[in-house]
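**Student:** Below you will find the structure I want to go over with you.
The values are calculated or read from the model by the stated rules, or taken from the named source; none is laboratory data. In this text, all values refer to a predicted model and were calculated from it rather than measured experimentally. Positions of Cβ are backbone-derived with ideal geometry, glycine not excepted, and every protein chain shown enters the neighbour counts. Remember, those area values only see protein heavy atoms, side chains included, never the ligands or the DNA or RNA. Shrake-Rupley method; radii C 1.70, N 1.55, O 1.52, S 1.80 Å.
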Amino acid sequence: MTSPIRHYLQFKDLDADECAWIFQRAAAVKAKFKAYEKYHPLADRTLAMIFEKASTRTRVSFEAGMYQLGGSVVHLTTGDSQLGRAEPIEDSAKVISRMVDLVMIRTYEQEKIERFAANSRVPVINGLTNEFHPCQILADIFTYIEHRGSIEGKVVAWVGDGNNMANTWLQAAELLGFTVHLSTPSGYGVDQTVAGLRSTDSFRVFTDPMDACRDADLVTTDVWTSMGYEAENEARRQAFADWCVDADMMRVAKPDALFMHCLPAHRGEEVEADVIDGPQSVVWDEAENRMHVQKALMEYLLLGRVG
């Protein structure tokens with residue numbers, strides 16, 4: 001009997017045990033990478049990468065990662081395919097998924113990737129949507145584990161926009177047993193219905209970002225204006241002025257607290273340079289780890305538990 005196709009469209013598409021497996025495999029494949037050890041479990045497999053939103057880290061991490069696993073990559077944008085024209089998403093999904101083994105999509109509405117996955121014969125991975133960024137949070141939590149051990153029972157301070165990153169942190173907290181302290185400007189909060197949480201037990205909301213950071217194990221943020229919201233840029237700059245992560249916020253966090261940012265970063269806006277370039281920042285490890293957790297994820301979706 002054929003196993004059902006597994007997609008990874010939001011963080012909670014994996015359970016806690018599967019996340020633990022992904023983190024374990026990410027550590028193993030990263031160790032092989034660092035040792036220049038060839039590891040090709042996905043030889044003769046092809047990943048299609050579909051971009052409606054521009055990308056640096058998502059493209060490089062998936063493309064390099066797939067090649068490192070022995071596979072090949074097809075890169076598509078809406079400008080050079082029928083995806084940006086009149087063909088229904090459902091038809092594109094049916095065609096593309098007959099020719100490749102795995103699809104990664106970076107797009108706007110979550111509904112688009114859901115429709116694609118519903119018509120795909122192969123696993124589909126969310127490379128980012130307006131609502132969720134699950135691969136990034138996988139990488140962030142893996143990075144925390146590398147530096148500090150288990151994230152269970154810890155406090156993550158989210159300072160800034162109630163965006164796709166915040167939604168995904170909330171899902172991860174509920175699944176993996178940690179707490180998120182949310183602080184966003186008025187009018188830019190998280191919509192709990194989007195995150196799809198079962199309860200409010202895994203997060204607390206703070207009006208003052210300093211209070212959110214107090215005794216946190218990890219402080220993290222994102223740009224104030226995500227892709228697709230550029231028209232709001234000036235209004236957001238004014239609304240978010242007090243939500244810049246600075247040395248004072250890091251000072252009230254735990255002494256060994258880490259700082260993370262999914263990048264690209266605007267120093268002097270959502271984070272001060274002395275924080276992102278300081279000793280508590282792990283943003284470069286975090287960026288590299290996108291590749292390693294995604295390799296573990298692709299291996300799992302295609303082959304199950306190996307190694």
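**Student:** Given +1 on the Cβ of Lys and Arg, -1 on the Cβ of Asp and Glu, and no further charges, what dipole in debye does the chain carry about its Cα centre, rounded to the nearest 20?
**Tutor:** For this selection, approximately 1220 debye.
**Student:** Now for a separate question. Of N119, Q171, L302, which is farthest towards the positive pole of the chain's charge dipole, taken about the Cα centre with +1 and -1 on the beta-carbons of Lys, Arg and Asp, Glu respectively?
**Tutor:** Of N119, Q171, L302, it is L302.
**Student:** HN-Hα J couplings of the stretch 286-294 from phi, Karplus 6.51/-1.76/1.60, θ = phi - 60°, integer Hz, Gly and Pro as x?
**Tutor:** Values per residue, Gly and Pro as x: 4, 5, 4, 5, 3, 5, 6, 5, 5 Hz.
**Student:** If you don't mind, another one. Which whole-number percent is the relative contact order of the chain (Cα, under 8 Å, 6+ apart)?
**Tutor:** 20 percent
**Student:** In degrees from 0 to 90, rounded to the nearest 10, what is the angle of the helix 164-176 Cα long axis to the longest principal axis of the chain?
**Tutor:** So the helix axis and the longest Cα principal axis differ by about 90 degrees.
**Student:** Note the per residue figure in Å³ for the convex hull of the C-alpha positions in the stretch 60-163.
**Tutor:** In the stretch 60-163, the Cα convex hull volume per residue is 147 Å³.
**Student:** Something else: As a test question: what accessible area, to the nearest 10 Å², does T56 have when a 1.4 Å probe is rolled over all protein chains in place?
**Tutor:** Solvent-accessible area, nearest 10 Å²: 90 Å².
**Student:** Name the long-range amide H neighbours of A157: under 5 Å, sequence gap of 5 or more, or other chain; modelled H, no Pro or chain starts.
**Tutor:** H181, D217, L218, V219, T220
**Student:** Which label marks the calculated value of Rg and Dmax of the Cα atoms in Å, given the options (i) 19.0, 58; (ii) 19.8, 62; (iii) 21.9, 72?
**Tutor:** (i)
**Student:** If you add up the charges near N163, with Lys and Arg at +1 and Asp and Glu at -1, over every other residue whose beta carbon is less than 10 angstrom from its beta carbon, what do you get?
**Tutor:** -3
**Student:** What are the ³J(HN,Hα) couplings of the stretch 20-29, residue after residue, when phi is run through the Karplus curve with 6.51, -1.76, 1.60 and θ = phi - 60°? Round to Hz, x for glycine and proline.
**Tutor:** Once θ is set to phi - 60°, the couplings for the stretch 20-29 become 4, 5, 4, 5, 5, 5, 4, 4, 5, 6 Hz.
**Student:** Taking amide H atoms as placed 1.01 Å from N in the peptide plane, list the residues 5 or more away in sequence, or in a different chain, whose amide H sits under 5 Å from that of T77.
**Tutor:** F51
**Student:** Still on this structure, I have one more. What does the charge add up to near A118, with Lys and Arg as +1, Asp and Glu as -1, over the other residues with Cβ less than 13 Å from its Cβ?
**Tutor:** 0
**Student:** Would you be so kind as to identify which of M104, Y36, A64 lies farthest towards the positive end of the dipole of the stretch 35-110, taking Lys and Arg as +1 and Asp and Glu as -1 on Cβ and the Cα centre as origin?
**Tutor:** Sorting the options by dipole projection puts first Y36.
**Student:** Follow-up. Counting Lys and Arg as +1 and Asp and Glu as -1, what is the net charge of the other residues whose Cβ lies under 11 Å from the Cβ of C244?
**Tutor:** Around C244, the charge tally is -4.
**Student:** A further question follows. Of all accessible surface on the chain at a 1.4 Å probe, what whole percent is carbon and sulfur?
**Tutor:** 49 percent
**Student:** In deg cm²/dmol and to the nearest 500, what is the mean residue ellipticity at 222 nm of the chain if only DSSP H runs of at least 4 residues count, each as -39500 (n - 2.57), divided by the residue total?
**Tutor:** -12000 deg cm²/dmol
**Student:** Before I look further, what does the chain give for accessible area per residue, probe 1.4 Å, in whole square angstrom?
**Tutor:** 43 Å²
**Student:** Could you give each residue of the stretch 100-112 its phi-based ³J(HN,Hα) in whole Hz, using Karplus coefficients 6.51, -1.76, 1.60 with θ = phi - 60°, and x for Gly or Pro?
**Tutor:** Karplus values, whole Hz, x for Gly and Pro: 10, 9, 7, 10, 10, 10, 10, 9, 8, 6, 4, 4, 5.
**Student:** Here's another thing I want to ask about it. Can you give me the long-range amide H partners of V205? Hydrogens built in the peptide plane at 1.01 Å from N, cutoff under 5 Å, separation of 5 or more residues or another chain.
**Tutor:** L182
**Student:** Order these peptides, 34-40, 71-77, 210-216, 141-147, by their mean beta-carbon neighbour count within 10 angstrom, highest first.
**Tutor:** 141-147, 210-216, 71-77, 34-40
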